[in-house]
Every structure is written in C-alpha cells, then in structure tokens.
Number of protein chains: 2
Amino acid sequence: MAEAAARQDVIVGVDLGGTKILAGVFGAGLKCLATAKLSTKAERGYEAVVERIQRCVRDAIDEADLTVKQVRAVGIGAPGAVNPETGEVLFAPNLRWKDAPLGKDLAKLLDVPVFVENDGNVCALGVHEVEMEGKPRSLVGIFLGTGIGAGIILGGELHGGFNRTAGEVGHMVLDVGGPKCGCGNRGCFEALASRTAIFRELSDAIRDGAKSHLVDLLGPGEAITDLKSGDLRKALRKGDKLVQKVVEAAAEYTGIAIGNIINFLNPEVIVLGGGVMDALQDEMMAIIEATARDYAMTGTAEGIRIVPSKLGDKAGITGAAVLARRALKG
Amino acid sequence: MAEAAARQDVIVGVDLGGTKILAGVFGAGLKCLATAKLSTKAERGYEAVVERIQRCVRDAIDEADLTVKQVRAVGIGAPGAVNPETGEVLFAPNLRWKDAPLGKDLAKLLDVPVFVENDGNVCALGVHEVEMEGKPRSLVGIFLGTGIGAGIILGGELHGGFNRTAGEVGHMVLDVGGPKCGCGNRGCFEALASRTAIFRELSDAIRDGAKSHLVDLLGPGEAITDLKSGDLRKALRKGDKLVQKVVEAAAEYTGIAIGNIINFLNPEVIVLGGGVMDALQDEMMAIIEATARDYAMTGTAEGIRIVPSKLGDKAGITGAAVLARRALKG
C-alpha cells in the first residue's frame, strides 16, 4: 500500500532546450528517481521534437522501473513565450516554433496531463520551492547558458506579468549600441554574458591574433564554437589571460544586470544557475556579487542574497515537476 | 452635518522635492480644494526644511479656508529611500539627508498623523488610484524631472521590495561606461534622459560651438542651467535642431528603459509623468512608445498601455493624499 501511494505521486519533469531534452522522474517529496537525456534535433521540425520529448519521458520512466500508467502528470519548461493555460508555446526562436500546441500534442501521445511553462520560470520555481524550501517571499532566478533566461517569484508565486512573458532579463539592454543580439537589438544582457557572447568574444580575439590555450586545446583550424563551458574552466586553470578577461567581463555584465534588478524590483534573493554558472561559478561569483552591490544604490542591497543555485542542470526538471504538482493540486 | 462629515475627510498631500515643496488640501472623494508652494531651500539644513514643509502645509490649509484641527492626516512623498513604517527618510542625496525622522518631527509640529513614502511610489499610487481608478492590476509609473523616479504597483498594491526601495529605475544602467551619474556610476537612465542630462548635453554642444535658439533666448553669457523644460519646448517650436536632437535622444533612452521593464516585469500599464514629460509630452511620447515597442520582445508588449499621466505636477500631492487616506483606513 505504501508503495502504491508513493507511486501516485510520480511526476515527470522535462527541461526542453535548444540542443537537448532532459527528463526526470520524481517520486514522493520530489525525490529524483531517474533521468534520461536526448538531443533536441530542432532542425527536424516540431513533430519530430515532440516525438523525441515523448521518447525521452518514456526512457526516464523505464529507467525508474515504472510505467507511464503510474505517472500522474508531466511538467515541461520550454525555451520561449508560453501560455500556461493552453500549454501552447507561442514563440520559441531557438526551436523556430510559433503557436505550437505542445501541451495538447504531448498529452495525446502519453495519455497523461501535461503542463507547460517558460523555462526560466520553471527553473526559478524549482530553485525557490526545492532548494530554498519556499522561504523567500521574492526571488529572481537568472540562468546563464546558450541564452539567458530568468524567472520571477513574488509573494511566493510565479510572476507572469500581463502577457505571461515576464522574466525576459536576457533582453534587458545594458549597453546601447553594443554587440548585436539574436533578438535583433543591440547591447542586450544576453549579447554580453551568455555562452554565445563569451564564445563570440573569444573567437573574435583569436582571429585578431590573441594568444590562448584554447587554440592548443582544440588543435589548429578548429572552430571555437565547438567549445564547452568546461573548456573555459580548463583554460582558466592554465592561467589563460584571454579567457580570464572575457569571462570576467561577462561576470561584470551579470553583476550590472543584477544591480539593475536590485534597484528596480528589490527582490529578497537572486539565484544564479545555468550551464555557464555550473562550469565557471568559482571564477565568476565573486565578481558578479561585488559588481551588483557596487551598482545597487546605497541601502538597496542590504540583506539581499546573491547566490549560485545548487541544483545545477537539474533546476529545469525539478521546477517542471514542481509546476506539474502545483497544477494537479491547483 | 454634511459639512462636518466632509471635513473629516480632509487630508493634506505634500510633494517634497529638491527645489520646491508643494502641498495640496484634499476633501471628500480626493477633490483638491487648494494648494500652496514654497521653495525647499535644502541648503539651510534639515530643521529649516521641516519648518518650511509645516509652513507650506499651513498655507494650503488656510488657502482652503480650513484649520489644521480639521485635517485628519498628512501624507508626504520624499525624494529618497524611506521607511514608511517609521516615517524616516533613510537617504535623500538631493536634500543631503540621512536617517531623518521626518514623519515624527512634522507630526509634532502639526499635531496631525504624518505618513511618508518615496516620491516615485507616491506618484505611482496617485496615478493608479485617482487617474486610473485603481483598475490596472500592475503599473509602473516613471517620472522624468531633475532626476528620474518610479513606483511599482503589483496586484493593486505598492511594491516596496525587500528593503522598501524598489522603483529606483533612474539608476538602471542602459549604457555601460556612458555619462557619469550623480550616484557615482555611469550610463544610468537618469544620466541619459533626466532634465539634468538634457541640459548637460545642450551645454556641452553649445560650448563646442553648436548653434541653438537657446543662446538667443538666454542672452550671451547666460548659463544653460538657468533653463526650464518650457524653454526647450519654445526652442523646439522655433525648429531648433540641436534641442530636437537632444530631446529625441532622451526620448529614445526612455523608450529603451521601458522596453527593459516590459521584457522583465511585464506590467499592464506604464505611465509617464514629471516636469520633463509635462513640458515635452508632444515631442517625446511618440518616440518613447515606438522605441519601447521595438525593444520589447515579440508578443511581450501586446495590449500593454504606455501613456502620459494627466495629473501633471499634481501627481505627487494626489498620491501623498492617497497614501495618508490608505494609512488611516489601515
């Protein structure tokens, strides 16, 4: 009976990214029982990606020695603007999706209720409820990866805003007329501190003749785009001056963005996560915090915590599971 | 009896600025019965300013043919960080105040309850409750004057944030490494689009030999700092190219700041007010709105209203009255 009751709490959380799909099976108390991973293959189009999400969910469930019938709900964090009421992904540039009925289509394939939210929102929800035990009244989660996403918790609840699109902190302009951003504007936070921005700066400098261990690491002629955040950490530990300069600049921009957020919204906690933070936390965190407190007005940052998330790449699947559990209770 | 009942609703709202004090007496239904104005004379020090606020309040009450005994409460918007629970002005750089017990001191002088809030918050409150009849669930009010202040309404209530300092939008960095701001940092919104910033740009250009009607308007040798926002409007109507360029740039920066706010917080309404807007609304509003919608991500700005306030320089006294009335109701 205890086992049957526990099984009724089984939820699958999915982190849908531009390059990979991660699914996690969560039991009672949001314990992670198993995970599975597949590449997204966005270039194959919407139907193919939905089919891959389904497969990834089934793989994770099988990994946990369970069956789909034992799963109560699936939550998904998607990289774009989402209508959580209909489960539609309204706009996801990295996937080239527009008005995609993801929730409905996946629910049909799995025969399980599916709940969809923006990925930044989902990550913030996971960090707030699981890592912070729901304690902070207000929290902004910033996730530095290929792009930069964020989620806002106010009064203990997700803040979606008027169009349910709040949290697009990656497109906060910090440097008018600065580097071109994927969104078409210039000088966005994402164009200054995402992995894409860091790699662009490194490529440009190496092309202009700057020295770096990255060249040896990759071998001559290799594109800098084949790098991972972990390669940057390796280069930094070898004392690579170029990588140090570029990573420190990204950390400073992140600090300025956080300073803006403290001045404007003044949340109790600011949490940092995402692939770039997971790989470069030791190198970036002190600069981020010092810069943020420098840019915050006198008295505004007192007692506000600026911390890295401990959930790492599980923030997305954890938050997606929280989302689905809340929706079921809702 | 009707008159006695009406008198019980009498509240005085005070707008305390760096250069002037404005007091308004409000009757039933927040009808403005009379106003009074005094210069602040901040250089004379804290006690002298408190004495002048008291005098301005008494002048306004007398102007309305009432006595202080008929006033139920006084609300004040102050230019700085405020603790509304104690009525203390924690930090007001323009007045050179630190930890000033304004609420307590003024209540002693007037023998009436006094409630204090940040001026941007108070203006946003006035616009939301009186001009918008409390309808928008979320609103950001941005006030362009000597500095730039703002107030945030979420769920129909003032959002103070963790340290009660939310709304410092004037110190949102838009142009890293840009013009020096009074706060010590560079490239803040306030250093790009406030009256101070506009006058700095004009002074610099005229010193460098640029032509402008402003020189004729002021006579040779006159400092550009003696200008008012209204002088800019006059110069614009004479076809002054320099003033047009500088004012348009300020409008663009304002639009970018609003784009950032739409992307990040996604409020239902963004209201613009303050001395610069009152004088230059016709010249700035179209550029502000077009720029904001351009910088907002696809789908995020849909249905969001970006509007000028109709309260003009009464936003502060009106909001201060709303503040006091709400505080009395508890």
Look at the range A:127-152 and say how many of its residues are under 12 Å from A:Glu268 (Cα atoms), within 12 Å of chain B (Cβ to nearest Cβ) and surrounded by 21 or more Cβ atoms within 10 Å (Cβ to Cβ).
-> 4
Which of (1) at negative phi; (2) in contact with a helix residue (DSSP H, G or I) (Cβ under 9 Å, 6 or more places away or on another chain) does A:Asn118 not meet, given it meets every other one?
-> (2)
Scan of the range A:71-96 for residues that are surrounded by fewer than 22 Cβ atoms within 10 Å (Cβ to Cβ) and of a type in the set (Val, Ile, Thr), ordered by number = A:Thr86
So, of the residues in the range A:153-181 that are more than 7 Å from every other protein chain (Cβ to nearest Cβ) and in contact with an Asp or Glu (Cβ under 7 Å, 6 or more places away or on another chain), which turns out to be nearest to A:Ala124 (Cα to Cα)?
-> A:Gly170
Can you pull out the residues in the range A:229-263 that are within 20 Å of B:Asn266 (Cβ to Cβ) and in contact with a strand residue (DSSP E or B) (Cβ under 8 Å, 6 or more places away or on another chain)?
-> A:Ala257, A:Ile258, A:Asn260, A:Ile261, A:Ile262
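Which of the residues that make up the range A:74-93 are more than 13 Å from chain B (Cβ to nearest Cβ) and in a loop (DSSP other than H, G, I, E, B)? Break it down into steps so the answer makes sense when it comes.
Within the range A:74-93, the first condition is being more than 13 Å from chain B (Cβ to nearest Cβ), and the residues that meet it are A:74-78, A:84-87.
Listed by number, the residues that qualify are A:Pro84, A:Glu85, A:Thr86, A:Gly87.
Name the residue, out of A:Gly134, A:Gly149, A:Gly126, that is in a loop (DSSP other than H, G, I, E, B) and in contact with a helix residue (DSSP H, G or I) (Cβ under 8 Å, 6 or more places away or on another chain).
A:Gly134
Each row is one residue, and each column tells you yes or no for (1) without any contact (Cβ under 8 Å) to a residue 60 or more places away in the chain; (2) touching a Gly at 6+ places or on another chain (Cβ under 7 Å).
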residue: B:Arg44; (1), (2): yes, no
residue: B:Cys56; (1), (2): yes, no
residue: B:Asp62; (1), (2): yes, no
residue: B:Arg72; (1), (2): no, no
residue: B:Pro79; (1), (2): no, yes
residue: B:Gly103; (1), (2): yes, yes
residue: B:Leu110; (1), (2): yes, no
residue: B:Pro113; (1), (2): no, no
residue: B:Glu117; (1), (2): no, yes
Cβ pairs under 6 Å, 6+ apart, first in the range A:184-205 and part of a loop (DSSP other than H, G, I, E, B), second of a type in the set (Asp, Glu) = A:Gly187/A:Asp175
Filtered residue count, the range B:119-151, keeping only those that are β-branched (Val, Ile, Thr), within 16 Å of B:Ala81 (Cβ to Cβ) and touching a Ser or Thr at 6+ places or on another chain (Cβ under 8 Å) = 1
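Output the residues belonging to the range A:283-310 that are assigned to a loop (DSSP other than H, G, I, E, B) and either buried (at least 21 other Cβ atoms within 10 Å of the Cβ) or within 8 Å of chain B (Cβ to nearest Cβ) (or both).
Restricting attention to the range A:283-310, the residues satisfying the condition of being assigned to a loop (DSSP other than H, G, I, E, B) are A:296-304, A:309-310.
Passing the criteria: A:Ala296, A:Met297, A:Thr298, A:Gly299, A:Thr300, A:Ala301, A:Glu302, A:Gly303, A:Ile304, A:Ser309.
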Please state which of the following conditions A:Asn266 fails to meet, knowing it meets all the rest: (1) modelled with pLDDT of 95 or more; (2) on the phi > 0 side of the Ramachandran plot; (3) surrounded by fewer than 22 Cβ atoms within 10 Å (Cβ to Cβ).
-> (3)
Go through the range A:94-123 and count every residue that is assigned to a helix (DSSP H, G or I) and within 14 Å of A:Val50 (Cβ to Cβ).
-> 9
Residue check for A:Asp99: without any contact (Cβ under 8 Å) to a residue 12 or more places away in the chain, under 29 Å from B:Thr291 (Cβ atoms) and not assigned by TED's automatic domain parsing to the domain that holds A:Ile256 | yes
For B:Glu252, state whether it is crowded, with 18+ Cβ neighbours inside 10 Å, within 14 Å of chain A (Cβ to nearest Cβ) and acidic (Asp, Glu).
-> yes
Among what's in the range B:97-111 and is buried (at least 20 other Cβ atoms within 10 Å of the Cβ) and among the aliphatic types (A, V, I, L, M), pick the residue that is nearest to the other protein chains (Cβ to nearest Cβ).
-> B:Ala100
Given the conditions (1) of a type in the set (A, V, I, L, M, F, W, C); (2) more than 9 Å from chain B (Cβ to nearest Cβ); (3) touching a Leu at 6+ places or on another chain (Cβ under 9 Å), report the number of the one that A:Leu192 does not fulfil.
-> (2)
Among (1) in a loop (DSSP other than H, G, I, E, B); (2) within 27 Å of B:Asn163 (Cα to Cα); (3) touching a strand residue (DSSP E or B) at 6+ places or on another chain (Cβ under 7 Å), where does B:Leu66 come up short?
-> (2)
Do you know which of the residues in the range B:205-231 that are under 14 Å from B:Val247 (Cα atoms) and either at pLDDT 90 or above or of a type in the set (D, E, K, R) (or both) is surrounded by the fewest Cβ atoms within 10 Å (Cβ to Cβ)?
-> B:Lys228
Do we have any residue at all in the range B:133-143 that's closer than 22 Å to B:Val49 by Cβ and either outside the structural domain of B:Met284 (by TED's automatic domain parsing) or touching a residue at least 12 places away in the same chain (Cβ under 8 Å) (or both)?
-> yes
Pick from B:Leu323, B:Leu280: which is assigned to a helix (DSSP H, G or I) and not assigned by TED's automatic domain parsing to the domain that holds B:Val215?
-> B:Leu323
Does the range A:220-227 include one or more residues that are touching a residue at least 12 places away in the same chain (Cβ under 8 Å), over 20 Å from A:Met172 (Cα atoms), outside any loop (DSSP other than H, G, I, E, B) and not aliphatic (A, V, I, L, M)?
-> yes
When B:Val50 is run through (1) more than 29 Å from B:Ala150 (Cβ to Cβ); (2) part of a helix (DSSP H, G or I), the failure sits at (1)
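The values are calculated or read from the model by the stated rules, or taken from the named source; none is laboratory data. Model, not experiment: these values are computed from the prediction. Note: ideal-geometry Cβ built from the backbone for every residue, glycine included; neighbour counts use all protein chains shown.
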